[in-house]
2 protein chains.
Amino acid sequence: MAYQRSPLMKKRLSDNRQQIKLAARRLIALGGFREASITAVAQNVGLSTGAIYRYFPSKAELFIEVLGDAVSHEVTILRGLLEGEGSPVDQLYAAVESFATRALKGPHLAYAFIAEPIDSDVEAARMAGRAQFIAVFEDILRAGIKRGFFPAQMPDVAAACIVGAFTEALIRPVAPAARPADDKKLVKAIASLCVRAAGVAISPVETTAKRVKPKR
Amino acid sequence: MAYQRSPLMKKRLSDNRQQIKLAARRLIALGGFREASITAVAQNVGLSTGAIYRYFPSKAELFIEVLGDAVSHEVTILRGLLEGEGSPVDQLYAAVESFATRALKGPHLAYAFIAEPIDSDVEAARMAGRAQFIAVFEDILRAGIKRGFFPAQMPDVAAACIVGAFTEALIRPVAPAARPADDKKLVKAIASLCVRAAGVAISPVETTAKRVKPKR
DNA sequence: TTTTTAAGTGAACTGTGATTCACTTATTGG
DNA sequence: CCAATAAGTGAATCACAGTTCACTTAAAAA
């Protein structure tokens with residue numbers, strides 16, 4: 001006895017799991033959480049409603065996982081940007097630019113993850129995700145402050161502000177309809193503002209990071 | 001014939017309407033939209049469930065009106081700050097400070113209005129409300145840019161960023177539990193950052209607005 | 001091939017809360 | 001006081017997804 005699925009079967013199962021998440025993501029990207037009912041997801045994968053529950057205990061869990069994946073994917077990319085040897089000023093600009101550009105590519109997905117209303121379980125997960133983003137920026141700020149690129153400030157508060165700033169500015173063009181002119185320009189404006197917010201005078205990047213006031 | 005309610009009766013009716021809105025607001029402030037079911041609202045006013053529908057066609061409508069009232073109240077206050085003769089820099093700082101301070105006083109209410117998930121009808125209203133806020137800041141920025149207090153920038157984008165910045169920074173300490181140390185400090189940090197974001201070098205207020213580069 | 005276990009099905013069930021509506025009560029006009 | 005009309009009641013209804021579950025089908029063990 002001690003039954004166990006063959007490797008091939010195992011794979012099929014875990015593939016299913018993945019497919020379910022992808023389908024959910026796809027539907028969300030298409031029309032927000034509204035579209036992503038369990039039934040719709042099931043149909044999209046080619047499974048029955050009930051089957052979903054073999055893989056996820058509840059809709060909330062499924063969404064939380066989808067959200068989590070997306071967030072950790074984003075965070076990984078952003079953290080990657082911090083590996084390079086650019087100054088914190090450049091890093092900050094680059095991080096915002098990178099996120100904003102991607103967000104504008106997948107409008108609905110970004111909107112769903114940033115702002116669309118859902119039930120509070122999932123909302124909690126979204127908050128947690130946001131906290132992870134904020135942490136990235138907090139790290140940039142801390143480093144920058146220590147090395148004298150940014151003036152002294154509360155890094156946690158400032159990081160929250162910065163994340164709030166670019167997400168808000170992204171939501172409008174990303175929401176249901178409405179999409180303004182030049183994405184490049186928009187991204188630039190947003191990223192510049194974030195750098196200024198951190199305390200770097202005037203514009204960024206072209207200044208290639210002159211220290212504001214070399215600390216000690 | 002041609003029946004009409006006596007003035008006294010009329011008043012009572014419109015009072016009821018007001019009471020319903022206040023009750024809804026009260027419940028929201030207490031525990032978010034979750035708590036504000038039609039039945040709960042009705043009980044709170046001392047009316048029956050059905051009676052509510054004499055005054056509002058649907059729950060969504062009621063909430064939208066409550067939200068609208070709150071927003072226009074806020075906007076009026078903020079617009080009031082622009083009457084004074086302070087520089088745009090001071091105005092910007094003052095506006096953020098004013099809003100933030102009030103938001104921290106009514107945590108749940110602010111949270112509900114800024115971030116709590118609800119159905120998409122009401123959400124649309126919230127977006128609209130946000131747009132009104134943003135407009136206030138856009139005006140400040142435009143004026144400031146024209147008069148040389150702020151560097152050239154896209155005022156709509158910058159305004160959105162600024163609103164996003166302070167709301168995000170407000171949400172965390174305002175959300176369900178969690179409330180950090182010093183509100184005053186927090187508000188100061190947020191407001192300063194917003195001013196910097198607009199392009200004013202280093203800190204605000206104490207500089208009492210020196211022109212960055214007197215335009216033309 | 002037969003038995004055992006797991007995967008998959010989808011119609012029925014459930015919980016929740018908004019909305020309705022037949023009816024009661026209060027107000028207005030004659 | 002007696003219609004006529006409107007306000008108010010609250011239990012019943014509705015809507016709608018998420019979730020369950022008795023059953024079917026497929027895959028592993030014997």
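The values are calculated or read from the model by the stated rules, or taken from the named source; none is laboratory data. Keep in mind it's a predicted model, so treat the numbers as computed, not measured. Cβ atoms come from the backbone with ideal geometry, glycine included; neighbour counts cover every protein chain shown. Each accessible area value is taken on the protein alone, full model and side chains, heavy atoms only, with ligands, DNA and RNA left out. Shrake-Rupley method; radii C 1.70, N 1.55, O 1.52, S 1.80 Å.
At-a-glance table
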| item | result |
| --- | --- |
| Full-stretch length increase - residue B:6, residue B:22 - with 0.36 nm per residue and alpha-carbon distance subtracted | 3.3 nm |
| Cβ-Cβ FRET estimate between residue B:15 and residue B:127, R0 fixed at 25 Å, reported to 0.05 | 0.20 |
| Label 7 Å beyond Cα on the Cβ vector: residue A:61 copy-to-copy distances, nm | 4.2 |
| In nm, spacing of pseudo-spin labels at residue B:152 and residue A:142 (7 Å Cα→C-beta vector) | 3.9 nm |
| Shortest-first nm distances, residue A:106 label point to equivalent points in other copies (7 Å, Cα→Cβ) | 3.8 |
| Scattering curve values for region B:8-56, log₁₀ I(q)/I(0), Debye with Cα scatterers, q = 0.22 Å⁻¹ | -0.70 |
| Shielding by partners - mean other protein chain Cβ count within 10 Å, residues of A:184-190 | 3 |
| Accessible surface buried upon A-B contact (total; probe 1.4 Å; Å², nearest 100) | 2800 Å² |
| Exceeding the 21 Å Cα-Cα cut-off - candidates A:21/A:59; A:105/A:184; B:59/B:105 | B:59/B:105 |
| Whole-number accessible area per residue in Å² for region B:1-112, which is evaluated in the context of all protein chains at 1.4 Å | 55 Å² |
| Peptide A:148-157 - average C-beta neighbours from other chains (10 Å radius) | 4 |
| Inter-label distance for residue A:69 and residue A:83, nm, one decimal - labels placed 7 Å from Cα along Cα-to-Cβ | 2.3 nm |
| Other copies of residue B:14: label-to-label distances in nm, shortest first, labels 7 Å along the beta-carbon direction | 6.9 |
| Under 5 Å, built H, 5+ apart or other chain: amide partners of residue A:118 | B:118 |
